[in-house]
1. Mind counting the residues in the range 33-92 that are of a type outside the set (A, V, I, L, M, F, W, C), over 15 Å from S184 (Cα atoms) and modelled with pLDDT under 90?
2. If you take the residues of the range 130-182 that are of a type in the set (S, T, N, Q) and exposed (fewer than 13 other Cβ atoms within 10 Å of the Cβ), which of them is nearest to the chain's Cα centre (by Cα)?
3. Report, by residue number, each residue of the range 127-147 that is at pLDDT 95 or above and either outside the structural domain of I106 (by TED's automatic domain parsing) or charged (D, E, K, R) (or both).
4. Quick one: would you say E120 is surrounded by 10 or more Cβ atoms within 10 Å (Cβ to Cβ) and within 26 Å of I85 (Cα to Cα)?
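The values are calculated or read from the model by the stated rules, or taken from the named source; none is laboratory data. Since the model is a prediction, treat every value here as computed from it, not as a measurement. Cβ placement follows ideal geometry from the backbone for every residue including glycine, while neighbour counts extend to all protein chains displayed.
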Amino acid sequence: MFCVIGAIIMKYLGFSPLICFQKGLKTEKYIINIAYFICMDEVDIAILERLSENCRMHSTLIANELGVATSTVHKRIDKLHSSGIIKEFTIRVDPAVVGFNITTFIGINIEPTKRTSVIESLKAIEDVLEIYELLEPYDLLLKVQTFDVHTLKENVLNPIAAVDGIKKSYSILTTKCHKESSLSIRRRNPPL
């Protein structure tokens, strides 16, 4: 009940996503995700912190660190996964070691009326890893990884040129990555 009320308050009055409720003598803190109407308490946040650092961390170890039952950790992880907060459990590889030597960012300007079909066409291109909508200077920004420049041209640039609704594309080939990391859950101080 508190979660729904908190989400409504946050949505309509613009409060911070960290909502505190007075419950008896104890103040309960929840992080509320409006998109899913899911409440995350301190235990959920602590679990996410640990999994974002090491997704292979055993539930028993997390439970011992948090002072809760292993079954609690399992249930919380299942809830976070089924709600979409945890999207997937995966590994990260070094692209160059497995032969993906070219990372390219491609800015694309599209016809606004064909936005949905363009995005769906781009999602179907295997070497396109990420697609972002932008405000400026492009409509879309893609992150692409390929074996070499020839593969980039054949597997990505030529198919992009054939997509109906793309006005122009601009490719930026990278030479070296200095930092690449996944999102790590970290606490931030609530606004005053």
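1. 6
2. S182
3. Matches in the range 127-147: D127, E130, E133, D139, K143.
4. Judged against the criteria, E120 is a match.
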